[in-house]
Amino acid sequence: MKARFIAGEVWSGLRRNLSMALSVVLVTMVSMFLLGLGLLAQRQADTMKGYWYDRIQVSIYLCTDDSNTPNCQGLAATEAQKQSIESQLRAMPEVKQVFHESEAQAFERFKEQFRNSPITGNVQLGDIPQSFRVQLDDPSKFGVVTSQFERAPGVASVQDQERVLKRFFQIINWITGFSVVLAALMVICATLLMATTIRQAAFIRRREIGIMRLVGASNWTIRMPFIIEMLVVATLGVALAVGMLWVGLRLIFNAGFNQVVLNKALIGANDVWALTPWLFGGVILIAALTSLVTLRRYLRV
Amino acid sequence: MIRFDNVSKVYPRSTRPALSDVNVNVERGEFLFIVGPSGSGKSTMLRLALREERATTGKVLVAGQDLSTLSTRKVPRFRREIGAVFQDFRLLPGKTVDQNVAFALQVIGKPASAIRQLVPETLEMVGLEGKGKRLPHQLSGGEQQRVAIARAVVNKPQILLCDEPTGNLDPKISLDIVHLLDRINRAGTTVVMATHDADTVNDLRHRVVQLDEGRVVRDEEHATYMPRVEAGGAGTSPASGGSSNADDPHAVEDIEGIEQIGDLDPERFGGEDR
């Protein structure tokens, strides 16, 4: 009886306060969508880091005859210098793999990479220097390699791909930070709106509440419809947010990118599902706490 | 059943006490009128008995509970022992008569089967059989108050508190309502009714506690009431009261009694209470 009665109260409460209920749904949805977006961007960054860092390399370019770096002093690297660099690299504990790319290999790779570009016609064998491609155990330790070989005899320059990626990850971090800050603001909005909605709902139902108190309804009977109402509305908001994240990921991200570039480097629906319980849990917690605090203040016996 | 022991009540932001040193004891099954002009503390006494307010000093005991020590958590269960009726009926306008009465039972978790039995039974008792499907605005004031009374007694409370239940009603309807309350009282419910309507008091001749500026100035069995403040209007009250009591040889004695007791020191009534 009581459960049915409370369900009826919830339903009539939602109907009587529909516009407020809708606004809570929407604000919750937007806040959780933004939070989800931020968290997904972070997961994307993590996934990409894992993917790229496996492949990241430090390139040590050796001097050629016409290198203009001061370290080369205008001379090509000798065989002895080359071997000394290689043995030093292999002796380093941070280094996982070293392979040598000769001028011929470099020239072939260049031609392959830019086969549709007119630039290839101007480049000759020997223009692209031979290099050591070094893979590190921990790609963030590239500084060790740079500092050791930058001034070594026969080395023209040390280039690190991480520098390029760093910029990319920084952008992702900005997106994350931005959306999390916005989400935090929206969560504050949602909380305040929930409190206002409950106050309004309590005001609309002040006669009922007065009578309930008078005839000795328990505090829980009086409060339960409000709390359940808030939970229903907030849950609906999160559900919509999760739906939007999933659809967004599928349509824009996966369909647009996935086939073109690297499958494994991108997040998918699994990552949305992984976030879902946290979003739901967080919102339910916020809704329940907000209801309880508001009702404590406005519905004293 | 209800006992006020040296009860005083001072509302916040008010210097004058709403009640000062009130001593009243109501036995089980009694019918008590609380009379007095507006602002004399009648409603405050009822609010204290319902534990909507707490006494500033003194003790209020209702249905075996000391309300000064009753925890907030236990208030709902305590109120299930008490019915309350007000001047403004306090019905839910969107619910039918049946639903209004059933509401009081639903919110305390009564099973549906009990509700289906109790609601029509109670409506019949208050004289509203066949009107269960009406909405409050389709009823007269007297009928609305009957619905409110039905709601107050449907859970069979030990005590019925009525705060000016006839304040919005015609004299004729008012008498019908107090007769209904009297009937409920005779079935065993303790009834306390605050009013400044002399006709209803004089018609029933029950115990009367008269308040003035928060003090008990009279406490008398089988009493009548002649409002002192509404001097102009009071001329009509005893007249109509007198006409209804024309064949009652005690009527004159009662009126004399008022004059005598009005001179007494209120503190003596504290003593008489016990």
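A few remarks follow.
- The range B:97-233: relative contact order as a whole-number percent, Cα under 8 Å and 6+ apart: 18
- Cα shape, the range A:159-215, gyration tensor, a/c 1.5 rule: prolate
- Axis angle, to the nearest 10 degrees, between helix A:2-16 and the longest C-alpha principal axis of chain A: 70 degrees.
- Karplus 3J(HN,Hα) series, Hz, for the range A:60-67 with 6.51 cos²θ - 1.76 cosθ + 1.60 (x for Gly, Pro): 10, 8, 8, 5, 10, 4, 10, 5
- For the peptide B:100-111, the mean number of other protein chain Cβ atoms found within 10 angstrom of a residue's Cβ is 5.
- Entry for the range B:90-156 at q = 0.19, 0.26 Å⁻¹: log10 I(q)/I(0) = -0.60, -1.15, Debye formula applied to identical alpha-carbon scatterers, no solvent contribution.
- Residue with peak Gaussian network fluctuation, chain A [Cα springs, cutoff 10 Å], from A:Ile286, A:Ile204, A:Ile227: A:Ile204
- Size check on chain A: the Cα extents along the three principal axes, sorted descending, read 100, 38, 29 Å.
- Nearest-ten-degree value, helix A:79-91 long axis tilted from longest Cα axis of chain A: 30
- Packing rank of A:291-297, B:155-161, B:65-71, where each peptide gets the mean count of other beta carbons within 10 Å, highest leading: B:155-161, A:291-297, B:65-71
- Top of A:Ala21, A:Ala287, A:Ala76 by mean-square fluctuation, Gaussian network on chain A, Cα under 10 Å: A:Ala76
- Semi-axis lengths (Å, descending) of the ellipsoid that matches the C-alpha gyration tensor of the range A:60-149: 25, 17, 11
- Counting Cβ atoms of other protein chains within 10 Å of each residue's Cβ and taking the mean over peptide A:219-225 gives 2.
- For the pair A:Gln148 and A:Phe178, a Förster radius of 41 Å applied to the C-beta separation gives a FRET efficiency near 0.60, rounded to the nearest 0.05.
- Going from the residue with the fewest nearby Cβ atoms within 10 Å to the one with the most, A:Asp46, A:Asp65 rank A:Asp65, A:Asp46.
- Separation of the range A:42-76 from the range A:118-191 is 9 Å, based on Cα centroids.
- Among the listed pairs B:Lys110/B:Lys172; B:Lys9/B:Lys131; A:Lys82/A:Lys166; B:Lys74/B:Lys131, those beyond 31 Å (Cα-Cα): B:Lys110/B:Lys172; B:Lys9/B:Lys131; B:Lys74/B:Lys131
- For the peptide A:203-216, the mean number of other protein chain Cβ atoms found within 10 angstrom of a residue's Cβ is 6.
- Any cysteine of chain A lacking a neighbouring Cys Cβ under 4.7 Å - listed by number: A:Cys189
- Measure of compaction for the protein assembly as shown (Cα Rg per 2.2 N^0.38 Å): 1.73
- Gain upon complete extension [B:Ser140, B:Tyr11; 0.36 nm per residue less C-alpha separation]: 42.9 nm
- Taking a straight Cα-Cα cut-off under 16 Å and skipping sequence neighbours fewer than 8 places away in the same chain, the lysines within cross-link reach of A:Lys96 are A:Lys141.
- Order of B:Asp5, A:Asp127 - criterion: other Cβ atoms within 10 Å of each residue's Cβ, fewest first: A:Asp127, B:Asp5
- Diffusion coefficient, µm² s⁻¹, Stokes-Einstein with Kirkwood Rh over alpha-carbon pairs of the range A:116-214 at 25 °C and 0.890 mPa s: 120
- Likely footprinting exposure, B:Thr190, A:Thr221, fewest C-beta neighbours within 10 Å first: A:Thr221, B:Thr190
Just so you know, all these numbers are worked out from the coordinates, no wet-lab data involved. Remember, predicted model here, so these are calculated numbers, not experimental data. Using ideal geometry, Cβ is built from the backbone for each residue, glycine included, and neighbour counts are taken over all protein chains shown.
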